[in-house]
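The values are calculated or read from the model by the stated rules, or taken from the named source; none is laboratory data. Being a predicted model, the structure only gives us computed values, none of them experimental. Counting neighbours? That spans all protein chains shown, and the Cβs are built from the backbone with ideal geometry, glycine included. For accessibility, only protein heavy atoms count, side chains too; no ligands or nucleic acids. Shrake-Rupley method; radii C 1.70, N 1.55, O 1.52, S 1.80 Å.
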Amino acid sequence: VLCLLNGFLRQVPCVLAEPTVPPTQVFTVDLAAAAARDVVVSRQAVDRQSDQAGSFSFIGRRPLEGGPFYISGGVRGERFDFQSKRDFPIHELQDYGARFSVEYFVGAVRAAYLTLDPGFYFESRPTLAAWDVPVEAATGIPINSALQGAVGVYYGRFYHHPVPIAGLLWTMSRRWKLDALYPNPALTYLISDDLEARLSGELQGNGFRSDPRPDRTIVEYHVYRVGGSLAWTMQPGFKITCGGGVEYERVFDFWRAGQSFRSTGAPYLRLGMEFSR
């Protein structure tokens, strides 16, 4: 779901030629698939379900009076598909729309931002009732040259509660970095100038308006993954990421109806690509 401070307020000293300004255009694609697991409500298995997820974004960026403030805009979308053995109430969730941001950079590192994601967040039919403008804002808190804090929030009208962003980012050495950051912690090791290994937790999902049905008009869907990945910069401006792990939790929260479904422990695989210049 969400841009939650990857590379936030930190530097990578073992890269030989670090950029001094952020990229002006960034295109990303991310695909993931998880195996089937039981869907449980009130400790009772009601179905068995697998899922696939895909997302994309294209962002253009330009400086305000030469920086360090930038404005960016573009398009983005994501889709979640669920394959169930029985008649589970949700078979797909998707959102498509725009993205607008005001960002503050220190060199090529984003240190603070405010992002709006206007668009349609729906199950199968993009009606006007499914329109939302989620807001995400975050800022860094410098502590010393190796340690920074981070605080922020993400919220939309289909969310039960705001999602907080908080934690510490520690550059442990030339190659090791620790992001003790909720909800996306990560331990990163730079194997070489173009290859990065990462162990991390990752929260994905969003709030959606489901298709009309009694007492189930809003669903907050999220999946939390725990796993590892390798990111290879094949050439300047082109990076490919592959990884896998376990979907620790998959939740459908019909919070207005007071009912939720969840499953745990599903292995997953992921592939991502990023083009920038």
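Suppose all protein chains stay in the model; what accessible area per residue would a 1.4 Å probe give for the stretch 97-170, in Å²?
The answer is 46 Å² per residue.
Across all directions of projection, what mean area in square nanometres is found for the Cα convex hull of the stretch 83-135?
One quarter of the hull surface, i.e. the mean projection, equals 5.6 nm².
Compute the signed sum of charges (Lys and Arg +1, Asp and Glu -1) over the other residues within less than 10 Å, Cβ to Cβ, of His160.
Summing Lys/Arg as +1 and Asp/Glu as -1 gives -1.
What residue among Arg110, Arg86, Arg198 has the largest mean-square fluctuation in a Gaussian network model of the chain, using Cα springs under 10 Å?
Top of the fluctuation ranking is Arg86.
Just add up the charged neighbours of Ser101: K/R +1, D/E -1, any other residue whose Cβ is under 13 Å from the Cβ of Ser101.
Once positives and negatives cancel, what remains is +2.
Let me check against my output: what whole-number percent is the relative contact order of the stretch 26-108, with C-alpha pairs under 8 Å and at least 6 apart?
26 percent.
So what is the relative contact order of the stretch 118-219, in percent, for Cα pairs below 8 Å that sit 6 or more residues apart?
21
Ignoring any ligand, DNA or RNA, what whole percent of the accessible area of the chain comes from carbon and sulfur when the probe is 1.4 angstrom?
62
Just need the relative contact order of the chain here, percent rounded to a whole number, with Cα pairs under 8 Å and 6+ apart.
In percent, rounded to a whole number, it is 17.
What is the packing order of peptides 122-128, 241-247, taking the mean over residues of other C-beta atoms within 10 Å and listing the highest first?
For the peptides 122-128, 241-247, the packing ranking is 241-247, 122-128.
Determine one quarter of the surface area of the Cα convex hull of the stretch 111-156, which equals its mean projected area, and express it in nm² to one decimal. Kindly include the intermediate steps, with their values, before the conclusion.
Values: hull surface 15.8 nm².
Its average projected convex-hull area is 3.9 nm².
Go through (i) 166; (ii) 119; (iii) 190 and flag the label whose value is the computed volume of the Cα convex hull per residue in Å³ for this structure.
Checked against the structure: label (ii).
Only residues of the stretch 110-134 count here: report those whose backbone N is under 17 Å from the spot 7 Å along Cα→Cβ of Val151, or say none.
Counting backbone N atoms under 17 Å from the label point, the list is 111-114.
Using a 1.4 angstrom probe on the protein heavy atoms only, could you order Lys239, Lys177, Lys85 from most to least accessible area? Intermediate values should be presented prior to the final figure.
Working: Lys239 70, Lys177 10, Lys85 165 Å².
I get Lys85, Lys239, Lys177, largest accessible area first.
Just the accessible area for Tyr96, please: 1.4 Å probe, Å², rounded to the nearest 10?
80
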